[in-house]
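Here the structure comes first, spelled out in structure tokens, and everything after it is commentary.
The values are calculated or read from the model by the stated rules, or taken from the named source; none is laboratory data. Given the structure is predicted, the values throughout are model-derived calculations rather than measurements. In this analysis, Cβ positions are derived from the backbone assuming ideal geometry, glycine residues included, and neighbour counts consider all displayed protein chains. For accessibility, only protein heavy atoms count, side chains too; no ligands or nucleic acids. Shrake-Rupley method; radii C 1.70, N 1.55, O 1.52, S 1.80 Å.
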Amino acid sequence: MAPAAPPLLLAVDGNSLLHRAYHAGSGDGWLDTDGRPMWALHGLVGFIARAAAHLRPAAVLVGFDCPEDSARKRDYPGYKAHRPAKPADLAEQIADAPELLRAAGVCVVVPPAYEADDVLASAAAAARRDGWRSVLMTSDRDAFALIDSSTSVLRVRNGGFAEAVLIDEAALPGVCGVTPGQYRDFAALRGDPSDNLPGVPRFGATTAARLLASFGSVDAVWSALDFHGTHLVREAVGDLATRHLSDPAAREVVARNRRLMRMRADLELPALEAARLPLSMAVMRRALRARAITLGPSLWALTGGTPPADETDPTPELPRWVFRRGLAAPRAPIPGQLSLFGIESLG
């Protein structure tokens, strides 16, 4: 008999999925009985419930950004400085989400001065220490740097959960051309406009991946430039990119981006046992109904129930093939994407 698989932790980026649900707009304008907006909250809980139905985790933990302080903004005032103020109805739902989930029995972490990304990194580290696997659910590519043999990323993209992709260690090179261990260098070179972090000029994703394929790391690139001149780098990325990379300012840009993109893996979190499923259906329903969220049977995987008897697929709105481009026919999954589902093929 094969040994049982290690338990699985589902760690969720609450801010990322709230934004995704808010802008999806399917419930735009939904209010609860007190006139408060609730469609993004409904979408967030729906995302968690559907992921739980497919992954069958042993525990669920949701992280949120600290709303009062940011260690990264103190380090670099330009961090996310270009972002406009959030719409009032989104800001209200972000503020309400942690308490709503806590009232529903979900394990929630809001770390002082840090972000949901740091909660995911710390959750993955905690799972690894305890011999668990983890899946990090987010729409943010930064989590790719956290992937390893026990950690995968469930990335939610435009189109909602039906367009989500589960990416593991074997799959990431096919997604962006680098390994998980190279991803932070890749992102530092390319930059991240969403966080107001410019990269090195002439270094988009393709050029950054090509450079790292040749040298392995940015530190190895600096060594090549320092001890061998520019010819090895020119062979990898051409004259113009090498000229920009040879500018001393490039090292400052990359060092700043690597520092700010590094996610803390040492935050104090509740023990994994505190995030264990199942949750109480009565408690969940009472908390959710207070915000006019009535998901009912779809909560079965979170509350230890069974799939609805009248459904052949407990989440029928999610196609079995999951991975598709737009509304066209399904494409073949990236190798490794489905490994945590225990599915060898989609046929």
| task | Take Leu44 and decide whether it is modelled with pLDDT of 95 or more and either acidic (Asp, Glu) or not in a helix (DSSP H, G or I) (or both). | result | no
| query | Looking only at the range 1-47, which residues are under 22 Å from Arg83 (Cα atoms), open to solvent by 50 Å² or more (accessible area, probe 1.4 Å) and touching a residue at least 24 places away in the same chain (Cβ under 8 Å)? | reply | His19, Arg20, Ala24
| query | In the range 109-164, which residue that is hydroxyl-bearing (Ser, Thr, Tyr) and closer than 22 Å to Asp96 by Cα is least open to solvent (accessible area, probe 1.4 Å)? | reply | Thr138
| Can we say Pro180 is in contact with a strand residue (DSSP E or B) (Cβ under 8 Å, 6 or more places away or on another chain) and surrounded by 19 or more Cβ atoms within 10 Å (Cβ to Cβ)? | yes
| Evaluation of Arg83 against (1) at pLDDT below 95; (2) part of a helix (DSSP H, G or I) (one fails), failing number | (2)
| note | Within the range 272-286, the count of residues that are open to solvent by less than 70 Å² (accessible area, probe 1.4 Å) and assigned to a loop (DSSP other than H, G, I, E, B) comes to 3
| task | Enumerate the helices (runs of 4 or more DSSP H) found wholly within the range 192-249, keeping only those where 1 or more residues are surrounded by fewer than 17 Cβ atoms within 10 Å (Cβ to Cβ), acidic (Asp, Glu) and on the phi < 0 side of the Ramachandran plot. | result | 218-228, 231-237, 239-246
| task | State yes or no: is Leu269 part of a loop (DSSP other than H, G, I, E, B), hydrophobic (A, V, I, L, M, F, W, C) and under 30 Å from Pro37 (Cβ atoms)? | result | yes
| remark: Those residues of the range 48-75 which are touching a residue at least 60 places away in the same chain (Cβ under 8 Å), crowded, with 18+ Cβ neighbours inside 10 Å and of a type outside the set (Gly, Ala, Ser) amount to Ile48, Arg50, His54, Leu55, Pro57, Val60, Leu61, Arg72
| Given (1) at pLDDT below 95; (2) over 19 Å from the mean Cα position of the chain (by Cα), index of the condition Ser194 fails | (2)
| said: Going by what's in this entry, would Asp185 be described as on the phi < 0 side of the Ramachandran plot, touching a strand residue (DSSP E or B) at 6+ places or on another chain (Cβ under 8 Å) and in a helix (DSSP H, G or I)? | reply: no
| query | Looking at Asp34, is it more than 24 Å from Leu166 (Cβ to Cβ) and either touching a helix residue (DSSP H, G or I) at 6+ places or on another chain (Cβ under 9 Å) or small (Gly, Ala, Ser) (or both)? | reply | no
| request: Would you check if Ala81 is surrounded by fewer than 17 Cβ atoms within 10 Å (Cβ to Cβ), touching a helix residue (DSSP H, G or I) at 6+ places or on another chain (Cβ under 7 Å) and touching a residue at least 12 places away in the same chain (Cβ under 8 Å)? | output: no
